[in-house]
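First the structure, in the form of structure tokens, and then the observations on it.
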Amino acid sequence: MAPPSSSLYSSGRLLPSRAASTARLVGRWLRPSCSLSMNGCAASAGDRCAVSLRETRALPAASAPQEALGQLRAAVAALNADPPASSSGIIRIEVPIRQRGDAIEWLHAQRQSSLPRCFFSARTPLPDAPAIATDVTSNGNGVHKEQREQPVSVAGVGSAVFFRGTDPFSLPDWRAIKRFLSRDCPLIRAYGAIRFDATSDASVEWQDYGAFYFVVPQVEFNELEESSVLAMTIAWDDALAWTWQSAVEELQSTLHKISPCSVKVNRSTLQTSIINLNHVPTKASWDLAVTKALQMIKGRQTELVKVVLARCSRYITDTCIDPLELLACLKVEGQNAYQFCIQPPDAPAFVGNSPEQLFHRKYLNISSEALAGTRARGKTRADDFQIGQDLLLSIKEDTEFTIVRDSIKKKLEMICNEVVVNPSKALRKLPRVQHLSAQLAARLQNEDDEFDILNALHPSPAVCGLSTEEARQFIRDYEIFDRGMYAGPVGWFGGAESEFAVGIRSALLGKGHSTLVYAGAGIVEGTNPSFEWDELDLKASQFAKLLQYQEQHIYYQEAGNMGTLI
């Protein structure tokens, strides 16, 4: 059976150099970057002070989303009739809704592919996470009021302001984002992701994301524990050639496209089947790369002690996969994981169900974690216990885990006043897999050190290796596909708080019949290449089992390494 045509399918081999591949395809494949309101990372934006006006306004509570949407539309008209005098600013207007709505179902109802979409759902707090004693009335930079109820999930549409660049995410880029954020407006957030390696060339399927991509949504649905919030955000800055009038007109256009209703999502199955599957690299190429890595690790001629190698698997299905339907299915088993979806306009969607926190900042408090070592869950309680004990006692897994934990601790100690690790080693049990885990807590000296935390923790040895530069160079030399945002930071920046997951257990979905699923495995002394290949299958299984609704023959392609073109 020949695979169907697909916007994510290519029958050609990937060229040895991604740069050469990209250059060859520029004229034919690359789309011009879409204009989305205002790019807050325009030249020298990070050198400017905060926008003049940053505020949140609350309207009376509504009984249903339809009523809330009507209030927002009327509020825009009132704003336009009496515009602020400031030459720059950001205003969030929100309407509480007296019923809990589902953020994924609301986002599923918004069908405009020309608008960017985003979704982020924080995981349930871990019961054994350490804490550092703090004064609840002060953030270290001044007194603050207690924050309102935090959203369970956030879904956003449109772009009040976006931040995208082709160079690696830098301190000026971070400052450009923070210009629009404020501790007094905690729910004005910039959601997005950063490339795993922004110094490498982006392949075609990742072109719309740039080296980093963040967006403050124009319209946002916040799902709370017992209620909801519908909000809109307007941003403008004359210095960035985006005036108040332009911002109002764009917001009004987006509001007219918003559906007040939700669309139910099937959360148990995707009703699809896999008819073609190929891996980059193939099993033979994987074995060669792992063997080479082990030779370098054992040779002691370099500082390399661990490297994380990844695989990109292309699944061709008999139906097109809706990213939000896939996300909804992942969320069912994702109580201890972050669910996310980032999708620039008319671009593929980056969807994931990551169990790993990169960091969480609340005022001066930082939390992070080490996650490494993998085993399947057992079929019985006794079997599951024994598998967990084998993981805890494995010398190879302990080596890999210790590298990750100690590296994160050392990096935090370079920036923070105090670092606590507790527990130092424990099992984290997820629906399909279990890992070794350690929780870390620290305290910043200044909130402006947030960028240093992000820059220090990414990439961690859990997704790259140690030493970082040696591992990153090995990945550049031996991985023959573009990771894109896979294994990079995924999350949001806020004024008082920011949170990022590591973009693992993730996939990229285009508009055709193809889904790219990413998985990685840590290579240390004692690694068996075949065992690690099986671990890749295990980590990708949450996607594979959802895509394979019916058992049927899969056209498995073990040919040369395949490209990942859109």
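The values are calculated or read from the model by the stated rules, or taken from the named source; none is laboratory data. Keep in mind that what you see is a predicted model, and the values were worked out from it rather than measured. Note that we place each Cβ from the backbone using ideal geometry, even for glycine, and neighbour counts take in every protein chain shown. The protein model used for the area step is the full one, side chains on, heavy atoms only, and it has no ligands, DNA or RNA in it. Shrake-Rupley method; radii C 1.70, N 1.55, O 1.52, S 1.80 Å.
Assorted remarks:
- Residue pairs meeting the criteria (Cβ under 7 Å; at least 6 apart or on separate chains; first among the acidic types (Asp, Glu), in the range 237-252; second open to solvent by 40 Å² or more (accessible area, probe 1.4 Å)): ASP238/SER87
- Only one of the listed residues (THR374, THR317) is among the polar types (S, T, N, Q) and within 20 Å of PRO461 (Cα to Cα). That residue is THR374.
- Listed by position, the strands (runs of 3 or more DSSP E) contained in the range 453-542 that have at least 3 residues being of a type in the set (Ser, Thr, Tyr) are 514-523.
- When the range 191-235 is filtered for residues that are within 30 Å of ALA77 (Cα to Cα), surrounded by 21 or more Cβ atoms within 10 Å (Cβ to Cβ) and polar (S, T, N, Q), the ones remaining, listed by number, are GLN218, ASN222, SER228, THR233.
- Some residue of the range 265-276 being touching a Ser or Thr at 6+ places or on another chain (Cβ under 9 Å), hydroxyl-bearing (Ser, Thr, Tyr), surrounded by fewer than 20 Cβ atoms within 10 Å (Cβ to Cβ) and free of Cβ contacts under 8 Å to residues at least 40 places away in the same chain: no
- Residues that are among the hydrophobic types (A, V, I, L, M, F, W, C) and modelled with pLDDT of 95 or more were ranked within the range 328-346; the one that is nearest to VAL420 (Cα to Cα) is PHE340.
- Of all residues making up the range 399-416, the number that are polar (S, T, N, Q) and open to solvent by less than 30 Å² (accessible area, probe 1.4 Å): 1
- The C-beta contact set for the range 185-214 (first residue in contact (Cβ under 8 Å) with a residue 40 or more places away in the chain and part of a strand (DSSP E or B), second residue among the acidic types (Asp, Glu) and open to solvent by 10 Å² or more (accessible area, probe 1.4 Å), distance under 8 angstrom, 6+ apart or interchain) comprises CYS185/GLU55; PHE212/ASP173.
- Within the range 12-122, helices (runs of 4 or more DSSP H) holding 3 or more residues that are at pLDDT 95 or above and more than 19 Å from ILE177 (Cα to Cα): 65-81, 103-109
- Any hit, the range 377-386, residues being touching a residue at least 24 places away in the same chain (Cβ under 8 Å), surrounded by fewer than 16 Cβ atoms within 10 Å (Cβ to Cβ) and touching a helix residue (DSSP H, G or I) at 6+ places or on another chain (Cβ under 6 Å): yes
- Residues (touching a Ser or Thr at 6+ places or on another chain (Cβ under 9 Å) and within 16 Å of LEU538 (Cβ to Cβ)) located in the range 428-438: ARG428, ARG432, VAL433, GLN434, HIS435, LEU436
- Some residue of the range 417-432 being open to solvent by less than 20 Å² (accessible area, probe 1.4 Å) and assigned to a loop (DSSP other than H, G, I, E, B): yes
- Scanning the range 156-181 for residues that are open to solvent by 20 Å² or more (accessible area, probe 1.4 Å) and among the hydroxyl-bearing types (Ser, Thr, Tyr) returns THR166, SER170.
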